[in-house]
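What follows is calculated from the coordinates using simple rules that are stated; it is not laboratory data. What you see is a predicted model; the values in this text were computed from it and never measured. Neighbour counts run over all protein chains shown; Cβ positions are idealised from the backbone, glycine included.
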Amino acid sequence: MFTIDSVQKIQDMARGAVFLGAGGGGDPYVGELFLRQQLTEGRHAKIIDATELADDAFVVVMAGMGAPNVLVEHLVSKVALMRLFEHAEKYYGRKVDALISGEIGGANSVFPVALGAQMGVPVIDGDGMGRAFPRIEMTTFSIFGVKATPAFVMDESGNFVSFDIINDHLAEDVMRSVCAALGSMVYGIFFQMTGAQAKKVAVLGTISQSMEIGRTIREARDHCDDPFEGLLKYLNDPGTGRYARVLYDGKIVDVTHEIRDGWHWGKATIGNSTGEDDRFVIEIQNEYIVARRNGRTVAVVPDLIIVLDAETAEPLTAEMLIYGQRVRVIGYSAADKLRLPESLAVCGPRMFGLNEDFVPVEQLV
């Protein structure tokens, strides 16, 4: 177990979570402010290893749902999240022993940690994706047998909607329509599970990893080192079998953003000084789902596509992308659980409407 007991740790975790979010999960700033407030009031978030959890412990997922670029227009209500947690214990009829993130991306990695600090409940070092995805059935929880419902969502005005849906694909569609009707931003509690199930189905160690990524970037800046060099050295770990590759370095020459059906859709085109014919295009559906250089795919879901500021290595969520930014794009292999056939059947390229099969980034580049 470790505690998040300083502003620096919060910032490291938030920065690393944006990196792992692959463009999605929302800007962590709002959640970061809420977590800082817990620190100011003397409450520290406790992060536990899954092995510390009793097999019969009661675990739930807490997450925001909606279009990430709407999140920055909303403030997090302390009272609303307290009510959310209290509703959960009343709704499920038992005490919540631990929280876990639905995804490690951006704000959705910070919200459960802040709520855990506020309510005195530990947060498991892990999540349901090892990245961010736009749909709840794309979590490893759902893929490996834990149902998203019974569940409920709540908006900042106090509207409360409960769900009990026969499958998670339909649950996503129903919840998304409710989310759109409530302003495209709600908070929810989903995926009730035991400690034993959490150990089996979660992608573990991702809060620790996000903190290490954030620390690596920060320390390189502090020492005037190249943050990309340190970052790639950390990510390319033969022990985990995961790989990172620089995909492109250039300037955003065109970008579109649209909120539709409760999602953020968009496309970013990046060019460089080698010539006008060299173009790198990233497609967005909340997250970066495919990257192509001059029409050839160089990274595709579930592998991670990460866009960083070219000077500072600050990771950028999809809604942060604007014309004229100098960026560097990294491809990073997904967690092993996401590359299994049963996962690719749910969160592979064809599930995003792409007419291609998954090929690992280390083979494409």
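Using the crude model of +1 on Lys and Arg Cβ and -1 on Asp and Glu Cβ, and no other charge, please compute the dipole size for the stretch 191-288 relative to its Cα centre, in debye to 20.
Numbers: 12 positive and 16 negative charges, 120 e Å.
Rounded to the nearest 20 debye, it is 580 debye.
For the stretch 266-321 and the stretch 17-65, compute the distance between their C-alpha centroids and round to whole Å.
27
So how much slack lies between I166 and K78, counting 0.36 nm per residue of separation and subtracting their Cα-Cα distance, in nm?
That works out to 28.5 nm of additional length.
Give the whole-number value, in cubic angstrom per residue, of the convex hull volume spanned by the C-alpha atoms of the stretch 239-364.
Enclosed volume per residue, from the Cα hull, is 117 Å³.
Once a ≥ b ≥ c are taken as the square roots of the eigenvalues of the Cα gyration tensor of the stretch 2-204, is the result rounded (a/c under 1.5), prolate (a/b larger than b/c) or oblate (a/b not larger than b/c)?
Here the stretch 2-204 falls in the rounded category.
Find the Rg to Rh ratio for the stretch 79-157, where Rh is the Kirkwood radius over alpha-carbon pairs and Rg uses the same atoms.
Over the Cα atoms of the stretch 79-157, Rg/Rh equals 0.94.
Would you indicate which of (i) 31, 22, 20; (ii) 45, 25, 23; (iii) 42, 21, 18 is the value of semi-axes √(5λ) of the Cα gyration tensor in Å derived from the coordinates of this structure?
Evaluating semi-axes √(5λ) of the Cα gyration tensor in Å on these atoms matches (i).
Let me have the relative contact order for the stretch 239-364, percent, based on Cα pairs under 8 Å that are six or more residues apart.
Averaging sequence separation for qualifying contacts and normalising by length gives 27 percent for the stretch 239-364.
Which order do the peptides 239-252, 157-170, 12-25 come out in when sorted by mean C-beta neighbours inside 10 angstrom, highest first?
The peptides rank, most packed first, as 12-25, 239-252, 157-170.
Let me check I've understood the local charge: for I143, count other residues with C-beta under 10 angstrom from its C-beta, Lys and Arg +1, Asp and Glu -1. What total comes out?
-2
Once you have the Cα-Cα distance between L354 and M1, take 0.36 nm times their residue separation minus that, and quote the gain in nm to one decimal.
Gain on stretching L354 to M1: 123.0 nm.
Round to the nearest 0.05 the FRET efficiency obtained for E86 and D261 when R0 = 25 Å and r is the Cβ-Cβ distance.
The pair E86/D261 has a calculated efficiency of 0.20.
Any idea how far apart F144 and Q37 come out in nm if each label point goes 7 Å out from Cα toward Cβ?
3.5
At 0.36 nm per residue, minus the direct Cα-Cα distance, what do R94 and A310 gain on full extension? Give it in nm, one decimal, please.
72.9 nm
Using the per-residue mean of other Cβ atoms lying within 10 Å as a proxy for protection, in what order, highest first, do the peptides 337-344, 113-120, 141-148 fall? Write out the running numbers ahead of the final one.
Numbers: 337-344: 16.6, 113-120: 23.1, 141-148: 21.2.
Descending mean neighbour count gives 113-120, 141-148, 337-344.
Hey, if you drop one equal point scatterer on each alpha-carbon of the stretch 149-268 and run the Debye formula without solvent, what base-10 log of I(q)/I(0) do you get at q = 0.14, 0.19 Å⁻¹?
Results for the stretch 149-268 at q = 0.14, 0.19 Å⁻¹ read -1.00, -1.06.
Could you work out the equivalent-ellipsoid semi-axes for the stretch 128-188, taking the square root of 5 times each eigenvalue of the Cα gyration tensor, largest first, in whole Å?
Listed largest to smallest, the semi-axes of the stretch 128-188 are 20, 13, 10 Å.
Can you compute the radius of gyration and Dmax for the stretch 279-340, using only the Cα atoms, both in Å?
Every Cα atom of the stretch 279-340 included, Rg and Dmax give 11.9, 38 Å.
Given only helices, namely DSSP H runs of n ≥ 4 each adding -39500 (n - 2.57), what is the per-residue ellipticity at 222 nm of the chain, to the nearest 500 deg cm²/dmol?
The helix contribution divided over the chain gives -10000 deg cm²/dmol.
If r is the Cβ-Cβ distance from S157 to T274 and R0 is 30 Å, what FRET efficiency results, to the nearest 0.05?
Working: r = 51 Å, r/R0 = 1.70.
Approximately 0.05, to the nearest 0.05.
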